[in-house]
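Worksheet for the structure shown next.
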Amino acid sequence: MILSPNSVVAITGASSGIGRALALELAPTGAWLALLARRTDRLAEVAAEVTERGGRPLVLCCNVAVRAEVHTAFHHILRTAGPVDVLVNNAGSGHCAYVEDTPDEQIEEVMGVNVNALWYTATEVLPGMRRRGAGVILTVSSLAGVVGYPANAVYVAAKHAALGFTRALRAELYGSGVEACVVLPAGTLTDWSLSTAGGPIVDLFNAEAERGIALARERGIEPPPLLPLLEPQDVARIIAATIRTPQPEVYTHPGSEELVRLYNESRQEFERRMGPWWQANREAYRNREAREK
């Protein structure tokens, strides 16, 4: 889909990270950019940058995990800018806890933002897209939507659900002219890992990286494909390209597809090679628990 000043793009989680970077990436098209997030102060900053770059921002304070707020926000978009041509489900939240330590409130929060919101937003735009025979619904999942990782099982389950949601939606939309796509980033330099419920998971990532390499060397285990960290704008450029030329499933990081191929071909080999990092994660997690007691 080619965006123009007549286009309307809704981006959830637009106040920071990939959402903010995408808004800035799309601003030069002159399109209406409906920016949804909970932090109005951050949204105002993004809106000012979008305006400077030629876009037309529409700021909407909205918790996408609450259906009534989503309905109100999209009704406002329709009245102000017109029907949504592109929906980017980018809002997400994570947590840091092993399964047996995960409280109900973390399950509800993470599932609400990462999973329930997909239905709430899609419900608002799908009828119009179907009538027009055009539109793009793009969901930002994660490499964690394909591969499991320790200490954030709810997030992993939620991102698996986001992938499944998109696959089912594609089946429902076949032949309609409406596209459903999913983008699966790996590690990206945002504040996500610092703001996870239950404490910053970045501490585990850092400990895991150093200790995991040492354990792998001790055991003579070849490491799995190591993925680079990307900047949000790198991922945003790939999302923008996917909007222009929709693809079913898009991996953003070099090495991601190789890692997934290993995972699909032999779970035993994948787990053997990932084992040192998972053990390092568990050690760091238990050490943190001991310090907090």
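Considering all different alpha carbon pairs of the stretch 170-293, the Kirkwood hydrodynamic radius works out to 17.0 Å. In terms of surrounding Cβ atoms within a 10 Å radius of their Cβ, I243, I11, I238, I213 rank from fewest to most as I213, I238, I243, I11.
In percent, rounded to a whole number, the relative contact order of the stretch 76-136 is 49, using alpha-carbon pairs under 8 Å and six or more apart. Per residue, the convex hull around the alpha carbon atoms of the stretch 1-80 comes to 83 Å³.
If you add up the charges near L189, with Lys and Arg at +1 and Asp and Glu at -1, over every other residue whose beta carbon is less than 10 angstrom from its beta carbon, what do you get?
Details: positive: none; negative: D191, E231, D234.
Summing Lys/Arg as +1 and Asp/Glu as -1 gives -3.
Roughly what angle does helix 67-80 make with the longest principal axis of the chain, taking Cα atoms, 0 to 90 degrees, to the nearest 10? For helix 67-80, the angle is close to 40 degrees.
Seen against the Cα atoms of the chain and their longest principal axis, helix 232-244 is set at about 50 degrees. Label-to-label distance for E222 and N6 is 5.4 nm, based on points extended 7 Å past Cα in the beta-carbon direction.
Using 0.36 nm per residue of separation minus the Cα-Cα distance, give me the extension gain between D41 and T123 in nm, one decimal.
Details: separation 82, 0.36 × 82 = 29.52 nm, distance 2.76 nm.
Taking D41 through T123 to full extension adds about 26.8 nm, to one decimal.
Residues whose amide H falls under 5 Å from that of E179, counting only those 5 or more places apart or on a different chain, are G135, V136, I137, with hydrogens built in the peptide plane.
Assuming 0.36 nm per residue, please report the length gained on full extension of the stretch N264 to N206 beyond their Cα-Cα distance.
On the way: separation 58, 0.36 × 58 = 20.88 nm, distance 2.65 nm.
18.2 nm is the gain from fully extending N264 to N206.
When the chain is fully extended, how far beyond the present Cα-Cα distance does E257 get from E292, taking 0.36 nm per residue of separation? If you can, show how the numbers build up before the last one.
Details: separation 35, 0.36 × 35 = 12.60 nm, distance 3.79 nm.
So the extension gain works out to 8.8 nm.
Taking the C-alpha atoms only, the angle from helix 153-173 to the longest principal axis of the chain is near 40 degrees. Springs join every pair of Cα atoms under 10 Å in this Gaussian network model of the chain, and among V88, V64, V178 the largest mean-square fluctuation is at V178.
Each of (1) 65, 52, 36; (2) 61, 41, 34; (3) 74, 50, 39 is a candidate for Cα extents along the principal axes in Å; the one calculated from this structure is (2). Computed over the chain with a Gaussian network model linking Cα atoms closer than 10 Å, the most mobile of L194, L126, L22 is L194.
For the stretch 112-180 versus the stretch 227-280, the inter-centroid distance based on Cα atoms is 18 Å. Comparing T166, T123, T12 in a Gaussian network model of the chain, where Cα atoms under 10 Å apart are tied by springs, the biggest mean-square fluctuation is seen for T123.
Read-outs: derived from the displayed coordinates by stated rules, not from any lab. Please read all numbers here as calculations on a predicted model, not as lab measurements. Note: ideal-geometry Cβ built from the backbone for every residue, glycine included; neighbour counts use all protein chains shown.
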